[in-house]
1. State the number of residues belonging to region 280-313 that are at negative phi and part of a loop (DSSP other than H, G, I, E, B).
2. Quick check on my filter: what residues within region 195-220 are under 14 Å from Ile55 (Cβ atoms) and among the hydrophobic types (A, V, I, L, M, F, W, C)?
3. Which one of these does Thr220 not meet: (1) of a type outside the set (Gly, Ala, Ser); (2) modelled with pLDDT of 95 or more; (3) over 13 Å from Arg146 (Cα atoms)?
4. Need pairs with beta-carbon distance below 6 Å; first residue under 19 Å from Tyr229 (Cα atoms) and without any contact (Cβ under 8 Å) to a residue 40 or more places away in the chain and within region 387-415, second among the hydrophobic types (A, V, I, L, M, F, W, C) and assigned to a helix (DSSP H, G or I); sequence gap 6+ or separate chains.
5. Test Ala190 against the criterion of being in contact (Cβ under 8 Å) with a residue 24 or more places away in the chain, surrounded by fewer than 16 Cβ atoms within 10 Å (Cβ to Cβ) and among the aliphatic types (A, V, I, L, M), and give yes or no.
6. Free of Cβ contacts under 8 Å to residues at least 40 places away in the same chain and closer than 21 Å to Asp398 by Cβ: does that describe Gly247?
7. One residue is enough: does region 319-333 have a residue meeting the conditions exposed (fewer than 13 other Cβ atoms within 10 Å of the Cβ), farther than 30 Å from Gly282 by Cα, touching a strand residue (DSSP E or B) at 6+ places or on another chain (Cβ under 8 Å) and modelled with pLDDT of 95 or more?
8. Being over 12 Å from Ile55 (Cα atoms) and in contact with a helix residue (DSSP H, G or I) (Cβ under 8 Å, 6 or more places away or on another chain) is the filter here, so list the residues in region 117-138 that pass it.
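The values are calculated or read from the model by the stated rules, or taken from the named source; none is laboratory data. Everything numeric here is computed off the predicted structure, so don't read it as measured data. Counting neighbours? That spans all protein chains shown, and the Cβs are built from the backbone with ideal geometry, glycine included.
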Amino acid sequence: MHILQFNIPKKVLATAGLLLTLSLFTCTEDLDITDPNRLSPEVFWRNQTDAEAGITAVYASLPAIPAFGRIGVGLLLIQRSDEVDPFPQINVNDGGIFGATPDFPRLREPWQELYKQISAANQVIANVPNIDFNAERKAEILGEARFLRAHAYFYLVNQWGNIPLVLEEISGGLEQIFIGNSTPAQVYDAMIEDLKVAQGALPQSWSADQVGRASWGAATALLGKSYLYTEQWSNAAAEFKKVIDSGLYELTTDYFDNFKEETTNNVESLFEVQYDGNTTGGWGGTGANVWRGQAWEADIAPRAFSSQQSVTVNQWVFDLFMAQQTVDGGEDPRAKATMVWNYPGAMMYQKTFTEAFNGVDLERIWVRKYLNFENETALAPGDWAGDTNNWRLIRFADVLLMYAEAVNESSGPDQEAFDAINLVRARAKMPAYDGMDQATLRQAIRDERVRELAIEGYRWWDLRRWGIAADRFQKNPELRGNSGGQFVIGKHEYYPLPRQDVDSNPNLNQNPGY
């Protein structure tokens, strides 16, 4: 598996990376410096090769450690939810235990990386239209840039809320750099516009040597998700139905195929981060030789198998799985694909459960999903890029459940909503639902999202968009029993903006409570 299987020479990718990772807050006013080792926009955007290198550089941020290689997944997203209970670890797990301040170093790293990706996308969108080459391929490149920009903003707006919205190439002075806050509604409007363009430009599928590129299905699903998150239920349902009716995607026969390295980019996957396991790299973002692997495994694996303090799975998740049986009276097979506990034959990497743990840890529930059990530990072979088990950003099961939710909220519990959730349940051999009223089906869909999607980064955003995050944490202090972290209403719905960016930008205001 390679980060970008796009037939672009690595030297071209590196050159484009130097050009396109211009920071949002880089000022060029009153400077007249020539660096013969760096290309400038004036001499770069000449032909299709440059355009291809440019769009590849936009993708390059996805697997970097600050973005979706580690920090943006394990630390800021999975650890924030009520599914897991993080242990305290200064400057690492602060976000998950509601202890993150504007100075928390793990905040600024993904913030910068995502804005670098947006800056690179803005340059593609601004410059590629002026290059003379195949019109269809040009439209695809612009569609890819629009999708990736929207995806970056989707993450930013859901983690930070009132963020700067930058939709043009930064080429001037301070008036372009000191950009103030935008409302989430403004950001979503821009994302929806981008995704409509991407939807019309991207192909339904790519050839095998182009795996990893954004497709029509990815753009359509993210468009539907953007409508869902803004409670435009009918629009959301319409977009998800396009994906379902396309016939391009289906559920894998084996649920666990969605979390194994050897079954990445399968028929259920609409879009995923492509890891290439760059073990010669190091810490940092794009523009340098950095790690590009599944480094976030260390943040969810048990402490005994990681250099990090990590998390346990909360009891309510286990209880939810055990509350129902399959049609033949068995246990939901997704339970053991998601969690590890002290059951007969349980393994933790290459050890049995009772070999791996002792004392109170024998009674705890640990994460199983996405862990690479062929290794000895979470960091095998001893670095942050040893595994290339891609993170699935959008998969078909999620589309089905979001469709069921959108239909139920827009028109009530009709048959299409039941059909969608029941398709997901059927794979796990769980009994079908029917005859529920809207409120009952709403809760059933929310519960099914946990059974199907736990430890995949969706839950924190679900809690907040449903308006129940504060209620969950304040009424259930045991959800942060490992740390005693406390959720504050009006503060912890979003992360603080990085202090350095707020202090250096007179037009940027900090989030409430910080």
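1. Counting residues in region 280-313 that are at negative phi and part of a loop (DSSP other than H, G, I, E, B) gives 18.
2. Across region 195-220, the qualifying residues are Ala198, Ala201, Leu202, Trp206, Ala214.
3. For Thr220, the exception is condition (3).
4. Asn408/Ala417; Asn408/Leu441
5. no
6. Numbers: free of Cβ contacts under 8 Å to residues at least 40 places away in the same chain: yes; closer than 21 Å to Asp398 by Cβ: yes.
Against the criterion (free of Cβ contacts under 8 Å to residues at least 40 places away in the same chain and closer than 21 Å to Asp398 by Cβ), Gly247 qualifies.
7. Narrowing region 319-333 to residues exposed (fewer than 13 other Cβ atoms within 10 Å of the Cβ): 319, 322-323, 327-330.
Add one more test, that the residue is farther than 30 Å from Gly282 by Cα, and what stays is 319, 322-323, 327-330.
Subsequent filtering for residues that are touching a strand residue (DSSP E or B) at 6+ places or on another chain (Cβ under 8 Å) retains 322.
Okay, now just the ones that are also modelled with pLDDT of 95 or more, so 322.
Checked region 319-333: at least one residue is exposed (fewer than 13 other Cβ atoms within 10 Å of the Cβ), farther than 30 Å from Gly282 by Cα, touching a strand residue (DSSP E or B) at 6+ places or on another chain (Cβ under 8 Å) and modelled with pLDDT of 95 or more.
8. Pro129, Ile131, Phe133, Asn134
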